[in-house]
């Protein structure tokens, strides 16, 4: 006896569009720009010298930008589970499932965009140094951006960010059940990391030491799916707009 | 046909019982007013109907389905209250467009015309609106969405008298053109009784009355006269309110089930009768004690 019929996919897509418009990417851009400007000195530096020669080596990489992007994605994922964000869904047509699915869509999108910008910030860094330093050996006439490698980097970094976002989303959901998790989860992670056993390093190694991109993608997507499924299970029983 | 069916629903928040054995059936294409005191359970009931909250006991059906976490029910209703949330940076017009995505009957032209009438610029952001303007904006959304089930939870909070009047007129006009089920909660009954068809009175989480407004107008009768004379007539009558305002003089409100003969008897005994305004009936029916606030000050 419904007057208007709809389905999960249609509502999820509409929610995704609305959320995509509401997410502020300017925050990410500013964050990355600031890091690029302040870390142009390089990540690490060492040097040696004797009477005749002085040598100094600086490492430049986009690692720090990638780490910052990961933290940004983590914060954004947790924020998606907050009351304020959820109320926005339930102000219009929604159920718990579509609300979570559209969140997953958003997190996947920001993972990809975050990876793209942070990986290419490495190229930008190179370009900046080309103009900043006099000796332009950094980009010589035969220089070509290693596109295939960069694409691989983007995919791998996007997967890492997505994994972190999925964890953050689950953490945010647990926080909605009880504030106690705000202490319990970090305590658990710290405890495992500092403890005598190797659980934590084994856990990280499970992802980090994987050499096949396909297997790595499989591991990440499976773990993320598990996190999101748990989040949806938790959220399905929760009351909204209290 | 009942669009909303509530059977014995109860809702407990921590230790506070918000709803207790509440049952009601609300019919299609009617404007029903949900009236009750502060904390009577109005908002809780509406949120259960909207599927936001889960009742602790009992059964709710909206369009024949359990509304909790139901996408189809959600697609067929819109819930208007002061806590509607939209992205902070959006213009009002952008918000309108996003609503149009979800509600197929959405009439943006009407929404913009109403916005212009209430002198709110569509280029403002949701955050910059004053409290009354925000309520007006939400009410406009409720009107223009033309959702089969439209729930207004205290829609006029913060609106000034002129805007309130205009809103009720607009609601009635649009309802006549596009009949739909409307649930309106308020504690200002005298303002809305002219547009309501049914009244659902709620007291301490249970249903107190569910009547057409026309019947509520004749529901109670006020009697004024000597206390002794009055008491003779009150045997077996349901007494809602009693006030002793002068020595030996009383004003009593009772259920209006007097026969013609009884009314004539009353007149003979020197007791004057008066109709009781619906708003007062509701106040008397939902009062916690029969004497009203005066009882607090009468210590003897």
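Would segment B:123-132 turn up any residue that is closer than 20 Å to residue B:93 by Cβ and crowded, with 18+ Cβ neighbours inside 10 Å?
The answer is yes; a qualifying residue exists.
Does residue A:28 satisfy the condition of being surrounded by 12 or more Cβ atoms within 10 Å (Cβ to Cβ), in contact with a helix residue (DSSP H, G or I) (Cβ under 9 Å, 6 or more places away or on another chain), within 14 Å of chain B (Cβ to nearest Cβ) and at pLDDT 85 or above?
Values: surrounded by 12 or more Cβ atoms within 10 Å (Cβ to Cβ): yes; in contact with a helix residue (DSSP H, G or I) (Cβ under 9 Å, 6 or more places away or on another chain): yes; within 14 Å of chain B (Cβ to nearest Cβ): no; at pLDDT 85 or above: yes.
Criteria not met by residue A:28.
Taking the conditions exactly as written (touching a helix residue (DSSP H, G or I) at 6+ places or on another chain (Cβ under 6 Å) and at pLDDT below 90), does residue A:106 satisfy them or not?
Details: touching a helix residue (DSSP H, G or I) at 6+ places or on another chain (Cβ under 6 Å): yes; at pLDDT below 90: no.
So residue A:106 does not fit the description; no.
Confirm whether residue A:188 is under 30 Å from residue A:101 (Cβ atoms), surrounded by fewer than 17 Cβ atoms within 10 Å (Cβ to Cβ), free of Cβ contacts under 8 Å to residues at least 12 places away in the same chain and more than 20 Å from the chain's Cα centre (by Cα).
On the way: under 30 Å from residue A:101 (Cβ atoms): yes; surrounded by fewer than 17 Cβ atoms within 10 Å (Cβ to Cβ): yes; free of Cβ contacts under 8 Å to residues at least 12 places away in the same chain: yes; more than 20 Å from the chain's Cα centre (by Cα): yes.
Judged against the criteria, residue A:188 is a match.
Residue A:45 is checked against (1) within 28 Å of residue A:241 (Cα to Cα); (2) not in a helix (DSSP H, G or I) and fails just one. What number does that condition carry?
Among (1) within 28 Å of residue A:241 (Cα to Cα); (2) not in a helix (DSSP H, G or I), the lone unmet condition for residue A:45 is (1).
Over 14 Å from residue B:143 (Cβ atoms), under 25 Å from the mean Cα position of the chain (by Cα) and more than 9 Å from chain A (Cβ to nearest Cβ): does that describe residue B:93? First the steps, then the outcome.
Numbers: over 14 Å from residue B:143 (Cβ atoms): yes; under 25 Å from the mean Cα position of the chain (by Cα): no; more than 9 Å from chain A (Cβ to nearest Cβ): yes.
For residue B:93, the condition - over 14 Å from residue B:143 (Cβ atoms), under 25 Å from the mean Cα position of the chain (by Cα) and more than 9 Å from chain A (Cβ to nearest Cβ) - is not met.
Looking at B:156, B:150, which one is in contact (Cβ under 8 Å) with a residue 24 or more places away in the chain, in contact with a strand residue (DSSP E or B) (Cβ under 8 Å, 6 or more places away or on another chain) and in a strand (DSSP E or B)? Full working, then the answer.
Working: B:156 fails: in a strand (DSSP E or B).
Criteria check complete, one pass: B:150.
Could you list, in sequence order, the residues of segment B:170-214 that are farther than 18 Å from residue B:283 by Cα and assigned to a helix (DSSP H, G or I)?
Result: B:170, B:171, B:172, B:173, B:174, B:175, B:176, B:177.
Does residue B:149 fit the bill of being out of contact with any helix residue (DSSP H, G or I) (no Cβ under 7 Å at 6 or more places or on another chain) and crowded, with 21+ Cβ neighbours inside 10 Å? Steps first, please.
Values: out of contact with any helix residue (DSSP H, G or I) (no Cβ under 7 Å at 6 or more places or on another chain): yes; crowded, with 21+ Cβ neighbours inside 10 Å: yes.
Considered against the rule, which asks whether it is out of contact with any helix residue (DSSP H, G or I) (no Cβ under 7 Å at 6 or more places or on another chain) and crowded, with 21+ Cβ neighbours inside 10 Å, residue B:149 comes out as yes.
Return a yes/no flag: does segment A:148-155 have any residue that is touching a residue at least 12 places away in the same chain (Cβ under 8 Å), surrounded by fewer than 20 Cβ atoms within 10 Å (Cβ to Cβ) and within 14 Å of chain B (Cβ to nearest Cβ).
Going through segment A:148-155, the residues touching a residue at least 12 places away in the same chain (Cβ under 8 Å) turn out to be A:150, A:152-155.
Add one more test, that the residue is surrounded by fewer than 20 Cβ atoms within 10 Å (Cβ to Cβ), and what stays is A:150, A:152-155.
Now restrict to residues that are within 14 Å of chain B (Cβ to nearest Cβ): none.
The answer is no, given that none of the residues of segment A:148-155 is touching a residue at least 12 places away in the same chain (Cβ under 8 Å), surrounded by fewer than 20 Cβ atoms within 10 Å (Cβ to Cβ) and within 14 Å of chain B (Cβ to nearest Cβ).
Given A:170, A:159, which one is surrounded by 14 or more Cβ atoms within 10 Å (Cβ to Cβ) and farther than 23 Å from residue B:53 by Cα?
Numbers: A:170 fails: farther than 23 Å from residue B:53 by Cα.
It is A:159.
If you check residue B:204 against the conditions, is it out of contact with any helix residue (DSSP H, G or I) (no Cβ under 7 Å at 6 or more places or on another chain) and over 28 Å from residue B:167 (Cβ atoms)? It would help to see each step written out before you state the result.
Working: out of contact with any helix residue (DSSP H, G or I) (no Cβ under 7 Å at 6 or more places or on another chain): yes; over 28 Å from residue B:167 (Cβ atoms): yes.
Here the answer is yes, as residue B:204 does meet what is asked.
Within the group A:61, A:94, which residue is buried (at least 21 other Cβ atoms within 10 Å of the Cβ), in a loop (DSSP other than H, G, I, E, B) and either within 22 Å of the chain's Cα centre (by Cα) or modelled with pLDDT of 90 or more (or both)? Write out each step before concluding.
Values: A:61 fails: buried (at least 21 other Cβ atoms within 10 Å of the Cβ).
None of the other options fit; the residue is A:94.
Just to check your reading of the model, which residue among A:206, A:216, A:228 is within 21 Å of residue A:176 (Cβ to Cβ), away from chain B (no Cβ under 14 Å), part of a helix (DSSP H, G or I) and touching a helix residue (DSSP H, G or I) at 6+ places or on another chain (Cβ under 9 Å)? Before the answer, list the steps.
Details: A:206 fails: within 21 Å of residue A:176 (Cβ to Cβ); A:216 fails: within 21 Å of residue A:176 (Cβ to Cβ).
Of the residues listed, the single one that is within 21 Å of residue A:176 (Cβ to Cβ), away from chain B (no Cβ under 14 Å), part of a helix (DSSP H, G or I) and touching a helix residue (DSSP H, G or I) at 6+ places or on another chain (Cβ under 9 Å) is A:228.
The values are calculated or read from the model by the stated rules, or taken from the named source; none is laboratory data. Predicted, not measured: the structure shown is a model, and the values here were computed from it. Please note: Cβ atoms are built from the backbone with ideal geometry, for glycine as well, and neighbour counts cover all protein chains shown.
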